[in-house]
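The values are calculated or read from the model by the stated rules, or taken from the named source; none is laboratory data. Just so it is clear, the structure is predicted and the values come from calculations on it, not from any experiment. For neighbour counting, all protein chains shown are included, and Cβ atoms are generated from backbone atoms with ideal geometry for every residue, glycine included.
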Amino acid sequence: MDADAIVVVGPTAAGKTALGAGLAMRLGGEVISADAFAVYRGLDIGTAKPDRELRRRVPHHLIDIADPAERYSAGMFVRDADAAIAAVRERGRVAVVVGGTHFYVRALLWGLFPEPPKDAALRRRLAAEWEEHPEALREELARLDPDSARRIAPADRQRTLRALEVCLVSGRPMSALWRAHGRGAPRYRVWMLGLNPPRPELHARIAGRVESMFAAGLVREVTGLLAGGLSPEVHALKAIGYRESCGVLRGEWTTAEAVERSITATRRLAKRQLTWLRGETGVEWLTGTGDDLVREAISRVEARGGAGTGAT
């Protein structure tokens, strides 16, 4: 085909995993996961990793490759994804990147964002202010960089502080710098297929997924991770569902309350993801669901040149 890879993007719970695997099976491909939490070993239930049977039928890469005690970065992802895509193409197969984390997808396509240098003194000041009045800093970010404020979760201290630091150091919003960064030549030629289910369907899928995760033993999984020595403060346990499970174990709320909190947080995440994706150029939005979605995606691929290898 006339592209290096197919990239599947969309909000959480939209069906990206099934579509990516379906495309790989039909086209003779392999999946490259672009999920910031599926990389961690032991985080299985709450990250909705493809089950072992699906991974047996379709090769999946960049899942279970990192120790949850350590922070896996976008730079590490680009390095590992580059190697995985090259290996897939060398085998004469199609690379299908399934983007759970759009920041990772952007880093893969456009390279790492050339942020302004860090200002340690400013970061310390912002960190102290966050401890006193996090709402005030969120309001400041909304004033200086409304796009980043919509994209970054209200409780995400690290990204909020970095976005503010970039604004104050560079004099420009981080979102504007990101847009400028994406105007050059991409690192890969890709076909980007986007999923955007109707809002009621997406909300129902989110609720069903979260309820299934807790019913499958998410709190028990977190209990085992903590018993194995993992700190509740590590980045891996900041993922939705995991942080709420930690709250259950601390006695802050019941499991039922954790489920509702996780559903609400996931809906907000999906909204931020769609906001970001709508600003992307070159996304071909799909309209079908289930098997129809795979058929629609295949027809789009065939119309653009068919399957085959992306090797040049």
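Brief remarks follow.
- Of the residues making up the stretch 6-17, at least one is in a helix (DSSP H, G or I) and not assigned by TED's automatic domain parsing to the domain that holds Leu161.
- Out of Ser170, Ser175, sole residue that is touching a helix residue (DSSP H, G or I) at 6+ places or on another chain (Cβ under 6 Å), of a type in the set (S, T, N, Q) and surrounded by 14 or more Cβ atoms within 10 Å (Cβ to Cβ): Ser175
- Scanning the stretch 223-258 for residues that are hydrophobic (A, V, I, L, M, F, W, C) and either closer than 19 Å to Pro154 by Cα or in contact with a strand residue (DSSP E or B) (Cβ under 6 Å, 6 or more places away or on another chain) (or both) yields a count of 7.
Listed here are the residues, each with its yes/no results for (1) farther than 30 Å from Leu27 by Cα; (2) in a helix (DSSP H, G or I).
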site	(1), (2)
Trp191	no, no
Glu201	no, yes
Glu211	yes, yes
Val219	yes, yes
Val222	yes, yes
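- Among residues of the stretch 235-257 being in a helix (DSSP H, G or I), of a type in the set (A, V, I, L, M) and under 25 Å from the mean Cα position of the chain (by Cα), the one that is modelled with the highest pLDDT is Val248.
- Residues that are surrounded by 14 or more Cβ atoms within 10 Å (Cβ to Cβ) and of a type in the set (A, V, I, L, M, F, W, C) within the stretch 207-232 comprise Ala207, Val210, Met213, Phe214, Leu218, Val219, Val222, Leu225, Leu226, Leu230, listed in sequence order.
- When the criteria are applied in full, Glu260 fails the requirement of being more than 30 Å from Asp145 (Cα to Cα) and either part of a loop (DSSP other than H, G, I, E, B) or in the same structural domain as Phe37 (by TED's automatic domain parsing) (or both).
- Phe103 modelled with pLDDT under 90, surrounded by 16 or more Cβ atoms within 10 Å (Cβ to Cβ), assigned by TED's automatic domain parsing to the domain that holds Phe37 and under 17 Å from the mean Cα position of the chain (by Cα): yes
- Residue match in the stretch 77-91 (condition: modelled with pLDDT of 95 or more and assigned to a loop (DSSP other than H, G, I, E, B)): yes
- Residues (touching a strand residue (DSSP E or B) at 6+ places or on another chain (Cβ under 8 Å) and crowded, with 16+ Cβ neighbours inside 10 Å) located in the stretch 41-53: Thr47, Pro50
- Residue in the stretch 115-134 that is under 15 Å from Ala74 (Cβ atoms) and either part of a helix (DSSP H, G or I) or among the hydroxyl-bearing types (Ser, Thr, Tyr) (or both) present: no
- The lone exception for Thr264 - which of (1) exposed (fewer than 13 other Cβ atoms within 10 Å of the Cβ); (2) within 30 Å of Pro232 (Cβ to Cβ) it fails: (1)
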